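Please read the structure below before turning to the comments.
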Amino acid sequence: MTLQDKVALVTGAASGIGKDIAKAFLAEGAKVAIADLNLTAAEATAREFDPSGERAMAVAMDVTDEGQVDAGVEAVAAKLGGIDILVSNAGIQIVGPLEDYKFSDWKKLLAIHLDGAFLTTRACLKHMYAQGRGGSIIYMGSVHSKEASLLKAPYVTAKHGLEGLAKVVAKEGAAHGVRSNVICPGFVRTPLVEKQIPEQAQALGISEADVISKVMLKDTVDGEFTTVDDVARTAVFFAGFPTNALTGQSIVVSHGWYMQ
Ligand code: NAD
């Protein structure tokens, strides 16, 4: 087990990609904090994965709220014995053309993806540095960290921004053995994507089937969605990598949609 007794905090872990990462980390021997805006769903996830309550815990955390992030990270470190791995994964999508895009939606999206990444990073780094046993920080980027798509201005902006943050954390964290990397998935059929299919169909004036085949999967090598399992395996790889050789990097997991 590559993550035996490591303590991991995964944000947005009550659903989709984060939930599967939490499950994979537990299977690799880690203790996992399931942090989410939706506490009821986080508690249900923790119970589902670890009925004993010894290795998984739920934390109420709005990643845009400085007080909640700091308090949540403290509670996790106190209960599970420090913090070794952060997966900054919580995210949303709000699609729309730039000329009509609401400023409030722009700010909301950037706050969850970028303020959330900053606040959770800062809170976890304090523990990682003080513990002196290194650490791994993983940001959930996207193919949209590399490419643009129609209707996704703040999402593409935020996902590109995470690559910059990861590189700074790699440089500042190196002396403490803290590594920082980005996973860039293609489309994964989570609730976040299910919601987009009808929205994009309406905005682009095409059928839902065409949104899938002609927009979402058009540039993949095989017309396949990426799965939560594909992303979770990559997270286990980054989390368990033992040295600074792999830091400041991004891996694209997208069925060849984007090739570096
Ligand atoms: P999802 O909607 O299934 O899950 C997102 C989770 O984040 C939910 O449990 C939600 O409650 C939580 N969340 C939302 N706002 C929050 C906040 N302010 N504080 C804490 N938690 C909050 O979505 P998903 O598809 O699993 O997406 C997870 C991450 O993966 C996101 O960063 C997303 O941008 C990224 N991503 C997704 C895809 C995809 O195709 N699904 C592709 C590339 C990247």
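The values are calculated or read from the model by the stated rules, or taken from the named source; none is laboratory data. Every value quoted in this text rests on a predicted model; they were computed, and no experiment measured them. When we count neighbours, we look across all protein chains shown, and the Cβ atoms used for this are built from the backbone with ideal geometry, even at glycine. Protein only, heavy atoms only, side chains kept; ligands, DNA and RNA dropped before computing areas. Shrake-Rupley method; radii C 1.70, N 1.55, O 1.52, S 1.80 Å.
The table for this structure:
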{"quantity": "Among (1) of a type outside the set (Gly, Ala, Ser); (2) in contact (Cβ under 8 Å) with a residue 24 or more places away in the chain; (3) within 12 Å of the ligand (Cβ to nearest atom); (4) not in a loop (DSSP other than H, G, I, E, B) - the single one residue 62 does not satisfy", "calculated": "(4)"}
{"quantity": "Residues that are open to solvent by 20 Å² or more (accessible area, probe 1.4 Å) and not in a helix (DSSP H, G or I), drawn from segment 221-245", "calculated": "221, 222, 223, 224, 225, 227, 241, 242, 243, 244, 245"}
{"quantity": "All positions within segment 232-260 that are more than 23 Å from residue 151 (Cβ to Cβ) and hydrophobic (A, V, I, L, M, F, W, C)", "calculated": "232, 235, 236, 237, 238, 239, 241, 245, 246, 251, 259"}
{"quantity": "Count of segment 1-22 residues which are away from the ligand (no atom under 16 Å from the Cβ) and open to solvent by 10 Å² or more (accessible area, probe 1.4 Å)", "calculated": "5"}
{"quantity": "Helices (runs of 4 or more DSSP H) enclosed by segment 99-202 - at least 3 residues per element that are over 19 Å from residue 82 (Cα atoms) and touching a residue at least 60 places away in the same chain (Cβ under 8 Å)", "calculated": "153-173"}
{"quantity": "Qualifying positions in segment 47-59 - buried (at least 17 other Cβ atoms within 10 Å of the Cβ) and more than 16 Å from the ligand (Cβ to nearest atom)", "calculated": "50, 55"}
{"quantity": "Matching option when the condition is open to solvent by 40 Å² or more (accessible area, probe 1.4 Å), in contact with a Phe, Trp or Tyr (Cβ under 8 Å, 6 or more places away or on another chain), at pLDDT 95 or above and more than 20 Å from residue 31 (Cα to Cα), among 99, 147, 66", "calculated": "147"}
{"quantity": "Extreme residue, least open to solvent (accessible area, probe 1.4 Å), among residues of segment 189-211 that are away from the ligand (no atom under 14 Å from the Cβ) and hydrophobic (A, V, I, L, M, F, W, C)", "calculated": "201"}
